[in-house]
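Since the structure comes first, as structure tokens, the remarks are kept for the end.
What follows draws every value from the coordinates through simple rules; no lab data is involved. This is a predicted model, so every value here is computed, not measured. So basically every Cβ, Gly included, is an ideal-geometry build from the backbone, and we count neighbours across all protein chains shown.
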């Protein structure tokens, strides 16, 4: 019986269908602007946004600080000159304003050439008696921008005497300005720390137990093998930028990628999600501008010049560049650096994971209900 208003119960539809559509998951009426601000940007989210801002500004500071005004500083230089004048010339070059050169004597042009090719020095000055031009012997594959800086130094220092450039080892024709080694290392390092971050996003920053830590590290190692193979194929077989060293490039890329991945994993086990930010700080904000790719170390300001060889980015660039162009000379320190980051990442991840298990009273092999 009706009272004049249509308040009758709607007839049910077909079985399994509701009379009104259900709202999507998470959709609800607004609680008012102020309350929605509190719900949308929690204190934890505000801290994360502040962290992003800090990283963003650190990125700008690091890259502009490293690249805004490249100046040569203590570039290693071998000097060949007639005996009576050699010591005086070395002293005069070392006393140039701003100390752009670090000159040392060499016995002969042959020795100076060998010093350039085995990377004991970046260049050699061969002084010719009489009116003939002096020769500046370089290997621009080690960094064309460094050669340009040297030329400018000698244009100011030599006065009326002309200097003829001799390039013993230019970059391959497909290597452009000699940056392929830098971009190969940059790519595999980004892949390494992003892989550790992806595992964190999927299963939690801290593995539930040491067994899962080892499993994650093994997965990262497998990915490093594949990414290193892909990088070597691209720079050697596809673009012919760094040809003739396929196996060497593959395993340098593998070790460099795994070093970034294992270190990223260690940061996350120690710090949780904040470890991802630390990876970005070390490998992107600090590591890339100090790697010696865009500008060689001798053109970078002191801070970046000092940290570059100690990070996987700089060590990886040295390994790739020196094996492709200089027969693997001057690479022992770089091998130690990359290996130390890889081994350190594994060790810290496993030890920190085991300590967390002991801290919470979970015996090895015991049940752990935490995230994978």
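Angle check, please: helix 332-359 long axis (alpha carbons) against the longest principal axis of the chain (alpha carbons), in degrees 0 to 90, nearest 10. The angle comes out at about 30 degrees. For 92, 34, the sequence from fewest to most other C-beta atoms within 10 Å is 34, 92. Here the scattering of the range 259-372 is modelled by Debye summation over its C-alpha atoms, one equal scatterer each and no solvent; at q = 0.10, 0.13, 0.19, 0.24 Å⁻¹ the log10 of I(q)/I(0) is -0.39, -0.59, -0.96, -1.29.
For the range 290-364 versus the range 97-171, the spacing of their alpha-carbon centroids is 31 Å.
Each of the peptides 217-223, 43-49 was scored by the mean count of other Cβ atoms within 10 Å over its residues; in descending order, highest first, they stand as 217-223, 43-49. Sorting 284-290, 353-359, 310-316 by their mean Cβ neighbour count within 10 Å, with the most densely packed peptide first, gives 310-316, 284-290, 353-359.
In a fully extended conformation the segment linking residue 165 and residue 68 would gain 32.2 nm over its present Cα-Cα distance, using 0.36 nm per residue. Computed over Cα pairs, the Kirkwood radius of the chain leads via Stokes-Einstein (1.002 mPa s, 20 °C) to a diffusion coefficient of 88 µm² per second.
Shown for 323, 360: other C-beta atoms within 10 Å of each C-beta, ranked fewest to most, produce the order 360, 323.
Under 19 Å from a label point set 7 Å out along the Cα-to-Cβ vector of residue 114, the amide N atoms of the range 69-91 belong to 77-81. Spacing of the modelled spin labels on residue 132 and residue 354, each 7 Å from Cα toward Cβ, amounts to 6.7 nm. Counted by neighbouring Cβ atoms within 10 Å, the residues 115, 164 run from fewest to most as 164, 115. Secondary-structure-derived ellipticity at 222 nm for the chain, considering helices only, amounts to -17500 deg cm²/dmol, per-run term -39500 (n - 2.57) for DSSP H runs with n ≥ 4. The order of the peptides 52-61, 134-143, 93-102, 196-205 by mean Cβ neighbours within 10 Å, most packed first, is 134-143, 196-205, 93-102, 52-61. For the pair residue 347/residue 303, report the inter-label distance in nm, with labels modelled 7 Å from Cα in the Cβ direction. Distance between label points: 2.9 nm.
With Cα atoms as the point set, the range 176-359 shows a radius of gyration and Dmax of 16.2, 54 Å. Rounded to the nearest 10 degrees, the inclination of helix 43-67 to the longest alpha-carbon principal axis of the chain is 20 degrees. Residue separation of residue 54 and residue 107 scaled by 0.36 nm, minus their Cα-Cα distance, works out to 13.9 nm of gained length.
Assuming 1.567 mPa s and 4 °C, estimate D for the range 75-170 with Stokes-Einstein, Rh taken as the Kirkwood radius over Cα pairs, in µm²/s.
Using the Kirkwood radius from Cα pairs, D works out to 99 µm²/s.
Rounded, prolate or oblate: which fits the range 106-240 when a ≥ b ≥ c are the square roots of the eigenvalues of the alpha-carbon gyration tensor, with rounded for a/c under 1.5 and prolate only if a/b beats b/c? It is prolate, given that a/c is not under 1.5 and a/b is the larger ratio. Against the chain, whose longest principal axis comes from its Cα atoms, helix 83-94 is set at around 30 degrees. Pairs of Cα atoms nearer than 8 Å and 6+ residues apart set the relative contact order; for the range 75-170 it is 27 percent. Sequence-distant contacts, meaning Cα pairs under 8 Å at least 6 residues apart, place the relative contact order of the chain at 17 percent.
For the pair residue 237 and residue 173, label points projected 7 Å from Cα toward Cβ lie 2.3 nm apart.
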